[in-house]
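A.B. asks: First the structure, which I've put down as structure tokens, then a few questions once you've had a look.
The values are calculated or read from the model by the stated rules, or taken from the named source; none is laboratory data. What you are looking at is a predicted structure, and each value in this text was computed from that prediction instead of being measured. Here the Cβ is made from the backbone with ideal geometry for all residues, glycine too, and neighbour counts use every protein chain on show. Heavy atoms of the whole protein, side chains included, go into the accessibility calculation; ligands, DNA and RNA do not. Shrake-Rupley method; radii C 1.70, N 1.55, O 1.52, S 1.80 Å.
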Amino acid sequence: MAQVSLRNVSKVYPGNVKAVDNVNLNIENKDFIVLVGPSGCGKSTTLRMIAGLEDVTSGDIYIADKHVNNMPAKDRDIAMVFQNYALYPHMTVFENMSFGLRLRRYPRAEVKARVDEAAQILGIGALLDRFPRELSGGERQRVALGRAIVRKPKVFLFDEPLSNLDAKLRVQMRTEIHKLHLKLQTTMIYVTHDQVEAMTLGDKIAVLRDGIIQQFGDPITIYDKPVNKFVAGFMGTPPMNFLSGRILKKSGKLYFDDSDVQVKLVEAMNGNLLDYIDKQVIFGIRSEDIYDKLFVSEAPPENIVRATCEVVEPMGSEVYLYLKTAHNSFIAKVGAHDRPPINEDMDLVFDMSKVHFFDKDTEETII
Ligand code: ADP
């Protein structure tokens, strides 16, 4: 069990590619941390530097208070699980899982006990004599997990471990990894581009962009209080709706206004937006904070937006409405049984207590 800490860590690849830019992270003992961001943002490079598979260009990495920059990977007491499982095809499941222990010359009885224990945790006890080619994708990924578990490492590192699985299995394995963390109580660092995986697995999430950590916090804070437009747009399905317009003052009240959407701000937000009166801002609202007016008993008229419903997409437990005004389009997530007519105008209610504002130039959150 261990803390992991990164201080001012950067990685520059040949050709001056800055993959990781001055990253600071403090990962507490037993925490499950997810590094998330779009492809190429530096997640894998960060993980590989922690693993010792990649040199650090500058900065310091500590595992359990030990400075590990120059420590070989094999001495770092970490175990890594990869997307492609990285199993040896000519070895059985037992041999694959025990390989690392045998290499380190653990006594035979200890090897067997550890493999049996891990196999039991993962429900693969019946597969120990099979070869990887005789396993499904999910089973292979369990074996890869098993190989990491038997080592009893201080830290588990996961590099997109579920990306090769189909959607249903991915959700199932996600839960298994969650349970595994609860059971093993070991520090885990998990890399994914999938924000749903990040939200559901992480005690804390670090959102990366262009090698820079944008925000580090618990999933709900990241979702409810994104620090900038990038984080706001990256976390959540469908992504947050963004509209460009200005802050308008009318009869002493503040409004967000573009040519075809005008909504009144809740007073609690006014203070933060006074400097933006008559200036351009970006307005953000999540799809679940837009309601079909038909289902709202008392909607303040100044929160109502009229739009054309172009597409109705039933998702089972909810329905996505693709809406259009003269200059804007946005998505609303409404109740499972709501079926407004297509290509007709409808009234939507914006929940103004939940909206976000971003500076047009810096894209930083105003409120
Ligand atoms: P992610 O895991 O977020 O997709 P990576 O950490 O793999 O991103 O890559 C970050 C950046 O570093 C990308 O621009 C990528 O092209 C670059 N990169 C990764 N590995 C190398 C390498 N071995 N040599 C040069 N550039 C690399």
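A.B. asks: Tell me, yes or no, whether the range 340-357 has at least one residue that is of a type in the set (D, E, K, R), in contact with a Phe, Trp or Tyr (Cβ under 8 Å, 6 or more places away or on another chain) and assigned to a loop (DSSP other than H, G, I, E, B).
C.D. replies: Narrowing the range 340-357 to residues of a type in the set (D, E, K, R): 344-345, 347, 351, 354.
Adding the requirement that they be in contact with a Phe, Trp or Tyr (Cβ under 8 Å, 6 or more places away or on another chain) leaves 351.
Adding the requirement that they be assigned to a loop (DSSP other than H, G, I, E, B) leaves 351.
So far as the range 340-357 goes, yes, one or more of its residues are of a type in the set (D, E, K, R), in contact with a Phe, Trp or Tyr (Cβ under 8 Å, 6 or more places away or on another chain) and assigned to a loop (DSSP other than H, G, I, E, B).
A.B. asks: Filtering the range 192-237 down to residues that are without any contact (Cβ under 8 Å) to a residue 24 or more places away in the chain, of a type outside the set (Asp, Glu) and open to solvent by 50 Å² or more (accessible area, probe 1.4 Å), which residue is farthest from Glu176 (Cα to Cα)?
C.D. replies: By that ranking, first place goes to Thr221.
A.B. asks: May I pose another question? Report those helices (runs of 4 or more DSSP H) wholly inside the range 79-188 carrying at least 1 residues which are more than 30 Å from Gly37 (Cβ to Cβ).
C.D. replies: Working: elements: 93-103, 108-122, 137-149, 167-184.
Qualifying helices (runs of 4 or more DSSP H): 93-103, 108-122.
A.B. asks: Condition check: touching a helix residue (DSSP H, G or I) at 6+ places or on another chain (Cβ under 8 Å) and under 20 Å from Val266 (Cα atoms). Does Asp351 satisfy that? Don't jump to the end; show me each part of the working.
C.D. replies: Values: touching a helix residue (DSSP H, G or I) at 6+ places or on another chain (Cβ under 8 Å): yes; under 20 Å from Val266 (Cα atoms): yes.
Yes.
A.B. asks: Looking at the structure I just gave you, is Arg142 more than 24 Å from the chain's Cα centre (by Cα) and either more than 16 Å from the ligand (Cβ to nearest atom) or open to solvent by 20 Å² or more (accessible area, probe 1.4 Å) (or both)? Write out each step before concluding.
C.D. replies: Details: more than 24 Å from the chain's Cα centre (by Cα): no; either more than 16 Å from the ligand (Cβ to nearest atom) or open to solvent by 20 Å² or more (accessible area, probe 1.4 Å) (or both): yes.
When the stated conditions are applied, Arg142 does not pass them.
A.B. asks: What are the residue pairs meeting all of these: first residue in the range 14-27, first residue under 12 Å from Thr46 (Cβ atoms) and among the hydrophobic types (A, V, I, L, M, F, W, C), second residue part of a loop (DSSP other than H, G, I, E, B) and away from the ligand (no atom under 14 Å from the Cβ), Cβ atoms under 8 Å, and 6 or more apart or on different chains?
C.D. replies: Close Cβ pairs (under 8 Å, with a partner that is part of a loop (DSSP other than H, G, I, E, B) and away from the ligand (no atom under 14 Å from the Cβ)) amount to Ile27/Gln3.
A.B. asks: Glu310 versus (1) surrounded by 15 or more Cβ atoms within 10 Å (Cβ to Cβ); (2) not in a loop (DSSP other than H, G, I, E, B): which is the lone unmet condition?
C.D. replies: Just one mismatch for Glu310, condition (1).
A.B. asks: Among the residues of the range 1-60, count how many are near the ligand (Cβ under 8 Å from one of its atoms), over 16 Å from the mean Cα position of the chain (by Cα) and open to solvent by less than 10 Å² (accessible area, probe 1.4 Å).
C.D. replies: 1
A.B. asks: Within the range 66-77, is even one residue within 15 Å of the ligand (Cβ to nearest atom), open to solvent by less than 40 Å² (accessible area, probe 1.4 Å), at negative phi and among the hydrophobic types (A, V, I, L, M, F, W, C)?
C.D. replies: Of the range 66-77, the ones within 15 Å of the ligand (Cβ to nearest atom) are none.
Within the range 66-77, not a single residue is within 15 Å of the ligand (Cβ to nearest atom), open to solvent by less than 40 Å² (accessible area, probe 1.4 Å), at negative phi and among the hydrophobic types (A, V, I, L, M, F, W, C).
A.B. asks: From Leu47, Leu35, grab the single residue that is in contact with an Asp or Glu (Cβ under 8 Å, 6 or more places away or on another chain), among the aliphatic types (A, V, I, L, M) and closer than 29 Å to Leu180 by Cβ.
C.D. replies: Working: Leu35 fails: in contact with an Asp or Glu (Cβ under 8 Å, 6 or more places away or on another chain).
After applying the criteria, what remains is Leu47.
A.B. asks: What is the number of the single condition among (1) closer than 30 Å to Thr45 by Cα; (2) modelled with pLDDT of 95 or more that Thr237 does not meet?
C.D. replies: Condition not satisfied by Thr237: (2).
A.B. asks: Ser297 fails exactly one of the following numbered conditions: (1) in a helix (DSSP H, G or I); (2) among the polar types (S, T, N, Q); (3) open to solvent by 70 Å² or more (accessible area, probe 1.4 Å). What is the number of that condition?
C.D. replies: (1)
A.B. asks: Being within 31 Å of the chain's Cα centre (by Cα) and open to solvent by 30 Å² or more (accessible area, probe 1.4 Å) is the filter here; which residues of the range 271-292 pass it? So that I can check it myself, show each step before the final result.
C.D. replies: Going through the range 271-292, the residues within 31 Å of the chain's Cα centre (by Cα) turn out to be 272-273, 280-292.
Asn272, Gln280, Glu288, Tyr291, listed by residue number.
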